[in-house]
1. Take the Cα of residue 26, step 7 Å along the line toward its Cβ, and report every residue of the stretch 243-272 whose backbone nitrogen sits under 19 Å from that point.
2. If you keep only loop residues by DSSP, which trypsin sites (Lys or Arg not before Pro) in the stretch 122-229 have at most 16 other Cβ atoms within 10 Å of their Cβ?
3. Rounded, prolate or oblate, given the Cα gyration tensor of the stretch 168-265, with a/c below 1.5 counting as rounded?
4. From a point 7 Å beyond the Cα of residue 99 in the direction of its Cβ, which residues of the stretch 204-231 have a backbone N at a distance under 14 Å?
5. Kindly rank 91-103, 26-38, 244-256 from highest to lowest mean number of other beta carbons found within 10 Å of each residue.
6. Enter the accessible area per residue of the stretch 139-255 (Å², integer; probe 1.4 Å; all protein chains in place).
7. Ignoring ligands, DNA and RNA, please state the percent of accessible area on the stretch 224-267 from carbon and sulfur, probe 1.4 Å.
8. In the neighborhood of residue 267, defined by Cβ-to-Cβ distances under 11 Å, what is the net charge if each Lys or Arg adds +1 and each Asp or Glu adds -1?
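The values are calculated or read from the model by the stated rules, or taken from the named source; none is laboratory data. Quick caveat, the model's predicted, so the values are computed rather than measured. When we count neighbours, we look across all protein chains shown, and the Cβ atoms used for this are built from the backbone with ideal geometry, even at glycine. Keep in mind that these areas ignore ligands, DNA and RNA; they rest on the heavy atoms of the full protein, side chains included. Shrake-Rupley method; radii C 1.70, N 1.55, O 1.52, S 1.80 Å.
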Amino acid sequence: MKALPFLSLLPRLPGPRFPAALLGATVLELVVLTGHLVAYPFGLTQERRTPPDPPPETTPGAAPGTPGAHPNRLPGSPAAERPVVLLHGFIDNRSVFVLLRRTLARHGRRHLASLNYSPLTRDLRTAAELLGRHVEEVCARTGQREVDIVGHSLGGLIARYYVQRLGGDRRVRTLVTLGTPHGGTAVAPGAGIHPIVRQMRGGSALIEELRRPAPGCRTRFVSFWSELDQVMVPVGTACVDHPDLDAVNVRVTGIGHLALPVHPAVAAAVREALETQETREGTAPSTGTTSVA
C-alpha cells in the first residue's frame, strides 16, 4: 500500500515505553480536558447559519464550469470549495473542534459547518438522519454537491452510519474519523444507562449492522487511531475493517482520546487527508493500516 502524504506531518515518536508514554499521554489528556471544560459553554448552541454567497456574475456565452463562467470568483482548489462538516463525540459539542477549525480555515477551507446533536438522543440512527438533513442544508446553502466530514469518537460512528446505511456516500467524498469505535468498544462509560452508548459496544445490533456488505460505497475513509487511547478497547477497534470500504487506518503515537481533535500534528494530517485528490471511480476499495511509528 502506498504511503499517504499527510503521514509525514504526524509525530514520529518511538513506540510507547510504559509507564512513561502512558503517563505523558494521561497528563496531556488532563490538560486538554481542562481547556475543553473552559470552552464547552461557548459551543452549547448551534452555530449561526451564514447566508449563501451571492450568485456570481456570469460571462455571456460562457458555459458553466468553464474559466470564463465566473470571472468575479477567485480560482481555488475543489477541496477549498467543498464544505467540511464537523461532528463531535458523546456528551460533547462543537467547541471540541475550535483548533481544528482554525487550522482548516487558515489553509483555505471556506465552508466549515459544525453540528450539535442532543446528548438525549437515544438512537444513533436518529442522529445519523439529523446529520443527513444537515448535510443537505449545507450543500444547498453553499451550492456544492459534496462535503467532507470529520467526526470525533461517537461522531465518526454516526457519520459512518449515514454514509454506509443511509446513502450518504453520494454526498460525502471523504470521512475522517478520530478515535471512533468502528468495531465497538468494551469501555463505554454508562453502558447500562444510555441507549446510544450501548450501541457503541462490540457486538451490538448497530455495530453488526455496519458489518453488513456495502457494495459500491463511494466515500473514502481515513481513520486516525491511537495506541494510547484508553476509551477504545481494544485499540484496534478504532480501525475501519470492512472489505467493501475504501479505507486507510492511520496510527498516531503518544496521545490519547481527547487529544486527537486538538493535537496540531493530527490537525495538519487531517487537513492533508481532506485535500488528497484520489479518483473515486474505477478503483477498487483498499482497506489497510498505515503506521507512523
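1. Only 253-260 pass the distance filter.
2. Numbers: sites: 122, 125, 133, 141, 145, 160, 165, 170, 171, 173, 198, 201, 211, 218, 220; in loops: 122, 145, 171, 201, 211, 218.
Sparse-neighbourhood loop trypsin sites (Lys or Arg not before Pro): 122, 145, 201, 211, 218.
3. Working: a/c = 1.92, a/b = 1.11, b/c = 1.74.
Here the stretch 168-265 falls in the oblate category.
4. none
5. Numbers: 91-103: 20.0, 26-38: 13.9, 244-256: 22.2.
Most protected by this proxy first, the peptides run 244-256, 91-103, 26-38.
6. Numbers: 3810 Å² over 117 residues.
Value returned for the stretch 139-255: 33 Å² of accessible area per residue.
7. On the way: 790 of 1250 Å².
About 63 percent, which is the carbon plus sulfur part of the accessible surface.
8. Working: positive: 101, 102, 106, 271; negative: 272.
Residues near residue 267 contribute +3 overall.
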